[in-house]
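Written out below as structure tokens is the structure these notes cover.
The values are calculated or read from the model by the stated rules, or taken from the named source; none is laboratory data. Note that the structure is predicted; figures quoted are calculated from it, not measured. Glycine gets a Cβ as well: all are built from the backbone with ideal geometry, and neighbour counts include every protein chain shown. Quick note on the areas: whole protein, heavy atoms, side chains included, nothing else; ligands and nucleic acids left out. Shrake-Rupley method; radii C 1.70, N 1.55, O 1.52, S 1.80 Å.
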Amino acid sequence: MRPKRNWWIGLALLIVLGWGTGAPAADEINIGSLNDMTGATSDVGKDYAMGIAEAINYINDTGGINGKKIKLYQFDYGYRIPEALTKYSLFKQKKCVAVLGWGTGDTEALAPTVAKDKMPYVSASYSGHLCDPKKAPYNLFFATDYSSQVRGLITAWYDKKWPKKPDYGKRKPRIVFSYMFASPFSSAAIKAAEDQCNLLGIEVGPKQDISLFAIDTKSQILAMKDFKPDVVLHTNTVMSVAATLRDAYALELGADHIIKNWGFDEALPMLAGKAAEGAMGCAPWAFFGQDAKLMDKVKEYAQKYNPGVPLEKRTIHTIQAWANALGLAEAMKRADKAGDLTGEGILKKGFETMKDFEIGLGLAPVSFSPTDHRPQSKARIYEYKDGKFVMMDEVDLKARWPEKWDKEWLGW
């Protein structure tokens, strides 16, 4: 059973800022938001959902979209793809001009529809599959994509950790992938991870199927021990990652751990205890409360709109939400200024005009072009060490492998 978080009591499962007839007023812009507050990824989804609502309030308080206020329709869909499809239809009825989405499964399922509808869809899924405009032209986000994350994690471990191992220079390093096979989110970057291991000469062991709901992973850890990995790549969310780290620590697996962003947050050391020490993760944004541009506003609006949730319980997922909300707002401001606040206008005159755009929040500059929707090529890698998240490397994949970045890796 997952640990109860009583401080979430009071968070509404349906948040709508300004219900109306659906047709926006002349000085309003309707935006939809899908969030998971009760489903398989609610361990990280609740904080993100609060961040979306708080960021929209901040945008409205600071001028909105060139004077137009955003009306937000925000729903909990419980991480159920059919429910996401239903809510998307509702967003269209409400004349929403864009959607702030959530999961990989539903985002990828909706991609052909949003492309047909020309609906900008800024998701919390950072799947590399969404970055090729030929396949998903209206899907965007403000983060390092999952495939670039795992490439960066594997590379940073190979550069920084492997040379310090006793067997360095004597054999190939060994890696195991730990993820939920049936989850589109968990498995989204596995192909890229395998490719990066082949590129660097890392031997890949038997993959381990670990549920997003896992609380006991001892059988999988014992299977890993047979292979004797030097490092384990985790691509689940934080609850199951923490369970896996605890069991790996208890059973003395002896491997390092590298973790995709959703499994690497402020809750990890709380849930995994000593097992979190030395874990590496990709964090494209600043952690909650760190020194970064706009962090003061993030904290201010968290206290203002969700005062019942202590700031020390907030996480980096709030920052992710702000990044996506502010990024969408910037695209809409540009399109509105150009006199074209349609879906196509937001894409062509908004997102695709961004070149090294800086949001703040610890996020590296973001660029989009008509042929490439990967927001950035840099993977920022942190290590949890002595009770703190410390940046240990920044892997610029485009700079290191320019040919592969330009010609091979788009859309993975």
Checking T353, T342, T318 in turn, the sole residue that is touching a residue at least 24 places away in the same chain (Cβ under 8 Å), in contact with a helix residue (DSSP H, G or I) (Cβ under 9 Å, 6 or more places away or on another chain) and open to solvent by 30 Å² or more (accessible area, probe 1.4 Å) turns out to be T342
Evaluate the following for A143: is it among the small types (G, A, S), assigned to a loop (DSSP other than H, G, I, E, B), modelled with pLDDT of 95 or more and closer than 30 Å to Y384 by Cα? yes
Pairing a residue in region 250-262 that is open to solvent by less than 20 Å² (accessible area, probe 1.4 Å) with any residue that is polar (S, T, N, Q), where Cβ atoms lie under 6 Å and the two sit 6 or more apart in sequence or on different chains, gives K260/Q149; K260/T235; W262/T237
The condition of being open to solvent by 10 Å² or more (accessible area, probe 1.4 Å), free of Cβ contacts under 8 Å to residues at least 40 places away in the same chain, over 25 Å from E344 (Cα atoms) and in the same structural domain as S123 (by the TED database) holds, among D76, D61, only for D61
The condition of being surrounded by fewer than 24 Cβ atoms within 10 Å (Cβ to Cβ), among the small types (G, A, S), over 12 Å from the mean Cα position of the chain (by Cα) and more than 20 Å from G327 (Cα to Cα) holds, among A189, A136, A115, A182, only for A182
Those residues of region 263-288 which are part of a loop (DSSP other than H, G, I, E, B) and surrounded by fewer than 19 Cβ atoms within 10 Å (Cβ to Cβ) amount to E277, G278
Any residue at all in region 79-88 that's part of a loop (DSSP other than H, G, I, E, B) and either open to solvent by less than 10 Å² (accessible area, probe 1.4 Å) or at positive phi (or both)? yes
Criterion first (open to solvent by 10 Å² or more (accessible area, probe 1.4 Å), in contact (Cβ under 8 Å) with a residue 24 or more places away in the chain and either outside the structural domain of H234 (by the TED database) or out of contact with any helix residue (DSSP H, G or I) (no Cβ under 7 Å at 6 or more places or on another chain) (or both)) does D106 satisfy it?
no
In region 117-140, residues that are under 27 Å from V176 (Cβ atoms) and either touching a Phe, Trp or Tyr at 6+ places or on another chain (Cβ under 7 Å) or not in a helix (DSSP H, G or I) (or both) total 5
Within region 347-373, the residues that are closer than 19 Å to S125 by Cβ and part of a helix (DSSP H, G or I) are L347, F351
Exception for K333 within (1) out of contact with any strand residue (DSSP E or B) (no Cβ under 9 Å at 6 or more places or on another chain); (2) open to solvent by 40 Å² or more (accessible area, probe 1.4 Å); (3) in a helix (DSSP H, G or I) falls at (1)
Next on the checklist: Being open to solvent by 10 Å² or more (accessible area, probe 1.4 Å), touching a residue at least 24 places away in the same chain (Cβ under 8 Å) and on the phi > 0 side of the Ramachandran plot is the requirement here; does L294 meet it?
Outcome noted: yes
Here the qualifying pairs (Cβ atoms under 6 Å; residues six or more apart or on different chains; first in region 156-179 and of a type in the set (S, T, N, Q); second in a strand (DSSP E or B) and surrounded by 18 or more Cβ atoms within 10 Å (Cβ to Cβ)) come out as S178/Q208; S178/V232; S178/H234
Among helices (runs of 4 or more DSSP H) entirely inside region 171-258, those with 1 or more residues being charged (D, E, K, R) are 190-200, 218-227, 238-250
Across region 297-315, the tally of residues that are hydroxyl-bearing (S, T, Y) and open to solvent by 30 Å² or more (accessible area, probe 1.4 Å) stands at 1
Reported set for region 89-103 where residues are buried (at least 17 other Cβ atoms within 10 Å of the Cβ) and closer than 27 Å to K68 by Cβ is F91, K94, C96, V97, A98, V99, L100, G101, W102
